[in-house]
1. Once region 22-131 is represented by equal point scatterers at the alpha-carbon sites, with solvent omitted, what log10 I(q)/I(0) does the Debye formula produce at q = 0.13, 0.21, 0.24 Å⁻¹?
2. To the nearest 0.05, how large is the calculated FRET efficiency for residue 40 and residue 177 if R₀ is 51 Å and r is the Cβ-Cβ distance?
3. Per the Kirkwood treatment, what hydrodynamic radius in Å, one decimal, follows for the chain from the mean inverse distance over all distinct Cα pairs?
4. List the trypsin sites (Lys or Arg not before Pro) in region 126-193 that DSSP assigns to loop (not H, G, I, E or B) and whose Cβ has at most 11 other Cβ atoms within 10 Å. Which are they?
5. With the other protein chains left in place, how much accessible area per residue, in square angstrom, belongs to the chain at a 1.4 angstrom probe?
6. May I ask which of 6/242; 171/233; 56/193; 51/187 have a Cα-Cα span longer than 31 Å here?
7. Could you tell me the calculated FRET efficiency between residue 121 and residue 196, based on Cβ-Cβ distance and R0 = 41 angstrom, to the nearest 0.05?
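The values are calculated or read from the model by the stated rules, or taken from the named source; none is laboratory data. Every value quoted in this text rests on a predicted model; they were computed, and no experiment measured them. Here the Cβ is made from the backbone with ideal geometry for all residues, glycine too, and neighbour counts use every protein chain on show. With ligands, DNA and RNA removed, areas are computed over all heavy atoms of the protein, side chains included. Shrake-Rupley method; radii C 1.70, N 1.55, O 1.52, S 1.80 Å.
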Amino acid sequence: MTLREKLNLDYEGLIANGPITIVAFGDSVTHGAVGAGEMDYETVYHHRLAKMITDKWDYVPINVINAGIGGITAKDSLDRMEKQVFAHNPELVIVAFGLNDVNGELDEYLNALRTIFSRCQERGIETVFMMPNMLNTRVVEGTEERFVGYAHVTAEMQNGGRMDKYMYSAKELALEMGVKVADCYSKWKELSKTQDTTLLLANYINHPIREMHQLFAQTLFDTIFAEGEIEAKEKESTMYRK
């Protein structure tokens with residue numbers, strides 16, 4: 001069953017089919033990283049997304065599997081798909097890579113995404129490619145000393161167009177393969193016209209501040225339900241039944 005089909009399961013349907021499972025498959029942002037050495041699993045975008053969905057359709061529980069690992073790339077995540085993604089039999093997989101992949105070769109990134117999307121499609125799993133935030137555009141005071149050198153590198157990748165090339169190439173690939181795209185990156189680009197987006201990064205390099213995870217969650221929600229929201233059925237009683 002699809003996520004949309006499961007949202008309005010009744011009592012018997014829930015017994016037969018169980019709750020909704022979403023796997024968030026990505027890097028440090030998915031993992032829950034904010035400031036240097038700081039994790040927050042409550043504010044992360046997929047936690048917010050689950051709450052947004054259950055605020056509207058609250059009878060069927062949603063279990064979110066956090067399959068994010070800080071510092072990892074799409075290519076280095078291929079071998080963990082069976083145990084960390086497919087073993088959970090998800091209705092939806094959110095694919096969220098790019099922030100680390102930009103340090104490597106573009107072809108490696110695209111080939112890895114192609115493999116991830118294909119494996120999900122072969123299993124009939126709804127898949128959304130969530131594009132990440134922008135990198136820093138400048139090196140600011142307060143950047144952790146050990147990361148200052150890397151902050152100069154990431155700023156050049158953002159300002160020089162490398163990040164744009166990687167992100168929009170990945171978007172093009174996803175759309176060609178029929179994968180839904182939550183284009184958060186373009187929203188960050190739009191914000192950058194009027195705001196210093198480096199200050200929206202908790203580590204001043206690549207980890208969004210807590211509040212910006214709402215942008216990810218809202219964009220995912222709008223993408224998942226782009227065909228229109230589901231009319232909620234009358235709520236089931238949760239009391240004991242003879």
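1. -0.48, -1.16, -1.39
2. About 0.95, to the nearest 0.05.
3. Roughly 18.7 Å, rounded to one decimal.
4. For trypsin sites (Lys or Arg not before Pro) across region 126-193 that sit outside H, G, I, E and B with at most 11 neighbouring Cβ atoms in 10 Å, the list reads 193.
5. Values: 11670 Å² over 242 residues.
The answer is 48 Å² per residue.
6. Result: 171/233; 56/193 exceed 31 Å.
7. That gives a FRET efficiency of 0.55.
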